[in-house]
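Bear in mind that the values in this text are calculations on the coordinates, not laboratory data. As the structure is a prediction and not an experimental result, all values here were calculated from the model. So basically every Cβ, Gly included, is an ideal-geometry build from the backbone, and we count neighbours across all protein chains shown.
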Amino acid sequence: MLLAVCQHTPAQPVWPPAVDDRPELGATPIDYLPALAGDYFKHESLVVGRRYHIFVRLPEGYTDAPERTYPIVYLLDGDSTFPMLAPQHLFLHYDEKLPEAIVVGVAYGGLDPSINKRHIDFRPTLVDGSERGARAFLTMLEEELLPRVERRFRADGTQRVLVRQSRGGSFVHYAAHHRPELFHGFIASNPGREWGDELIYGMSKPMPEVRTNNHMILASGSRDRDYLRGAALEWRDEMAGRDDLPWQATFLDIEGGTHAASLPDVYRRAMLIYSNLKASHQRIRAAVDIAASPIQIAITTAPATRDTGRAATKFAFIRNSARCSLSSTFSTNHTPSCTIRKSSTNPKAGMKSGIKSTGLKA
């Protein structure tokens with residue numbers, strides 16, 4: 001009887017089913033995540049002597065517009081920042097009309113210190129003053145990775161942005177100090193401080209003599225670690241009064257922000273600042289181009305303030321022996337607007353060209 005019962009017991013289904021669930025030939029798992037889809041390759045650095053894993057998210061419609069070039073964003077610590085911020089950029093494009101961009105994650109392939117060498121690559125020196133790996137890593141970016149990526153994809157090299165937080169944010173400041181012309185935008189979220197002077201990198205060093213139209217943004221969360229928050233506030237107060245910076249300086253105060261988890265909010269606010277400044281400058285230049293005679297231009301740009309939510313860009317220029325000023329104001333949700341005003345100021349009084357830096361809160 002027992003044997004008969006066993007013979008009639010239905011067979012239990014096998015799970016998972018015995019099917020080939022591998023990706024299609026030539027495909028990778030990331031191809032099935034459209035907000036991250038693009039490309040991947042390994043970069044064997046001759047300068048650093050190590051391997052990096054490079055993830056690339058391509059804009060929607062990239063293959064449909066073969067003549068179009070795009071801004072390009074480089075994310076350090078791509079192991080964690082690429083899957084976080086690449087989709088964020090797409091959503092900002094949907095909701096805030098942020099221009100599409102190529103997003104590149106520079107990753108190590110793991111978080112374990114035996115693989116992940118951020119403690120070497122992002123530090124200029126050690127406690128004893130001996131050199132660490134920041135100089136080699138910056139050289140790798142400039143001479144190896146950026147040229148390779150921008151030959152491979154249709155990137156606009158005049159619209160590069162470098163992004164990271166914490167120790168990676170310190171490296172962003174290092175790059176902004178030593179190669180201020182290499183990136184149009186530098187975004188450092190809750191950056192670390194240096195061993196010796198316990199300041200944000202560059203504060204105690206002579207500024208490079210080069211002047212650019214580029215932009216350095218430091219973001220600090222009000223709930224960041226006390227010693228890092230204090231260093232960030234010192235940077236804000238120090239940079240507000242300086243006129244010798246190679247880029248425009250902006251401080252973003254992230255109310256309630258924490259050390260690591262606020263990076264998406266920092267990215268959103270900083271990228272909208274860049275986008276609005278670019279649109280504002282383009283509109284201003286279009287107005288200035290109407291002039292038939294040579295002009296001299298001085299630029300003063302202040303970021304959005306917490307009270308008004310608006311930023312302002314003012315241009316002063318000399319045209320046809322008269323001094324004029326042009327101002328542009330914008331908010332994150334409005335198209336920039338420009339007005340031109342003419343004054344009787346004597347143009348021979350002289351003007352100083354270049355961007356005036358500010359440390360105003362946003």
Separation between Cα centres of segment 246-265 and segment 113-138, rounded to whole Å: 24 Å
Neighbour-count order for 198, 142, fewest beta carbons within 10 angstrom listed first: 198, 142
Chain lengthening between residue 152 and residue 197 when straightened (0.36 nm per residue, less Cα-Cα): 12.1 nm
Spin-label model distance (nm) - residue 46 vs residue 226, 7 Å beyond Cα toward Cβ: 5.0 nm
